[in-house]
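Some notes on the structure that comes next.
The values are calculated or read from the model by the stated rules, or taken from the named source; none is laboratory data. Because the structure is a prediction, the values reported are computed rather than measured. Cβ sites come from the backbone with ideal geometry, for glycine too, and all protein chains shown count toward neighbours.
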Amino acid sequence: MLSKIQEINNSLQECVKHIKNVNDVEEFRLKFLVKKGLIQQLFDELKDVPKEQKPLLGKDLNILRKNAESIYEELKEKFSAKTSTVKIDVTLSGRRQQCGSLHPVKQIQDEMISIFRSMGFEIAEGPQIEDEFHNFDALNFQPDHPARDMQDTFFIKSDNIEFEKNTNKLVLRTHTSPVQIRLMHAQKPPIRSIMPGRVYRNEAISARSLAEFHQIEGLHIDKNVSFAELKATMMTFARKMYGKDSKFRFRPSFFPFTEPSAEMDISCFLCKGNGCRICKGSGWLEIVGCGMVHPNVLKAGNIDSEVYSGYAFGFGIERVALLRTGINDIRYFYENDIRILQQF
């Protein structure tokens, strides 16, 4: 038994001299340290030696095993470190991390809000489910106005009989103008606020229209507010949004909640007024509807129209995003095509 211990010890030392990589280290472990290895076989034979020799031989076997384990740990640390450095090729180019970004419509909305806030406008918000009074009646929409029709408005239905008997029906708001009425009820003039938010209209989805989109409307009410101030506000916004060289024109229009009403066009910033597919060859792009707040709307908001006056305006955010990006189909914004979104 003693000669076998010495023989395995010599074999162990000789084996160490020929170890050159991790695979050799693993072979060393399998040969000497596993349950069926050479050292364990000697422990199994120990039960057959005379009783008086067992303490001495057991001591020598334990020394041999601890020596083998110590050599194995040193070899493992030595060659695993070499292997890890070999696996890293510092000459390879790094992998670029894909970073997310705000949706282009959200980016445009934030930019518009920032411009109006720099002009002294506060932000007001309201519910997306509105009643007919705030969405239509208080905004001077007549009972037979086409916008009230199911073709333009999503009405909220209920199985509750009492709910259905209520003449002031609930709707998904068709514009953010109801927030203006709620603001007038909650705050006395002067009022200077914008109302960003999501709106809903029962329209066919096409390249130019959606059933769900975003608006930013604005309201300013105070004493002696004039149409000239409205024009100056719209022109200041347009210059900051579209560039200082933009040209403007105002056209008469009609909205139930403003009188007089107008629409503002800017010179097409893509073709510089020469005509292109975006401006349909006219050289002009419509960007906003606006006007002086109708006296009936002031009355519905509990504001004396003999003392106060004001103006209101409204932008479609997706419309502005189309003009800024040059995209010719509004549906591209919401199809989640990464090729479109990653450009912004």
Legend entry - Hey, ILE216 in contact with a helix residue (DSSP H, G or I) (Cβ under 6 Å, 6 or more places away or on another chain), aliphatic (A, V, I, L, M) and surrounded by 20 or more Cβ atoms within 10 Å (Cβ to Cβ) or not: yes
Legend entry - Options SER3, SER101, SER80, SER93: the member that is closer than 30 Å to LYS244 by Cβ and of a type in the set (Gly, Ala, Ser): SER101
Inset, instruction - Could you list, in sequence order, all residues of region 251-267 that are without any contact (Cβ under 8 Å) to a residue 40 or more places away in the chain, buried (at least 17 other Cβ atoms within 10 Å of the Cβ) and either in contact with a helix residue (DSSP H, G or I) (Cβ under 6 Å, 6 or more places away or on another chain) or not polar (S, T, N, Q) (or both)? - result: PHE255, ALA262, GLU263, MET264, ASP265, ILE266
Inset, instruction - Return the residue satisfying two criteria in turn: it lies in region 195-210 and is outside any strand (DSSP E or B) and basic (Lys, Arg), and of such residues it is surrounded by the fewest Cβ atoms within 10 Å (Cβ to Cβ). - result: ARG208
Legend entry - Selection from region 221-245 of residues that are surrounded by fewer than 19 Cβ atoms within 10 Å (Cβ to Cβ), over 22 Å from VAL307 (Cα atoms) and not hydrophobic (A, V, I, L, M, F, W, C): THR236, ARG239, LYS240, GLY243, LYS244, ASP245
Legend entry - Residue that is in the same structural domain as ARG208 (by TED's automatic domain parsing), among the small types (Gly, Ala, Ser) and either under 27 Å from ASP329 (Cα atoms) or in contact (Cβ under 8 Å) with a residue 24 or more places away in the chain (or both), where the choices are ALA238, ALA228, ALA232: ALA238
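With the requirement that a residue be of a type in the set (Ser, Thr, Tyr) and modelled with pLDDT of 95 or more, what does region 306-344 give you?
Those that are of a type in the set (Ser, Thr, Tyr) and modelled with pLDDT of 95 or more: TYR308, SER309, TYR311.
Condition check ((1) touching a helix residue (DSSP H, G or I) at 6+ places or on another chain (Cβ under 7 Å); (2) assigned by TED's automatic domain parsing to the domain that holds ASN296; (3) surrounded by 15 or more Cβ atoms within 10 Å (Cβ to Cβ)) across all residues:
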{"position": "LYS78", "(1), (2), (3)": "no, no, no"}
{"position": "LEU92", "(1), (2), (3)": "no, no, no"}
{"position": "GLN97", "(1), (2), (3)": "no, no, no"}
{"position": "ILE108", "(1), (2), (3)": "yes, yes, yes"}
{"position": "ARG117", "(1), (2), (3)": "no, yes, no"}
{"position": "GLU130", "(1), (2), (3)": "yes, no, yes"}
{"position": "ASN135", "(1), (2), (3)": "yes, no, yes"}
{"position": "ASN140", "(1), (2), (3)": "yes, no, yes"}
{"position": "HIS145", "(1), (2), (3)": "no, no, no"}
Inset, instruction - Give just the number: which of (1) in a helix (DSSP H, G or I); (2) of a type in the set (Val, Ile, Thr); (3) more than 13 Å from LYS4 (Cβ to Cβ) does VAL34 not satisfy? - result: (1)
Inset, instruction - Residues being in contact (Cβ under 8 Å) with a residue 12 or more places away in the chain and either crowded, with 17+ Cβ neighbours inside 10 Å or under 11 Å from ILE108 (Cβ atoms) (or both): count how many of those fall in region 323-337. - result: 6
Legend entry - The one condition in (1) surrounded by fewer than 13 Cβ atoms within 10 Å (Cβ to Cβ); (2) of a type outside the set (A, V, I, L, M); (3) modelled with pLDDT of 80 or more that LYS47 fails to fulfil: (3)
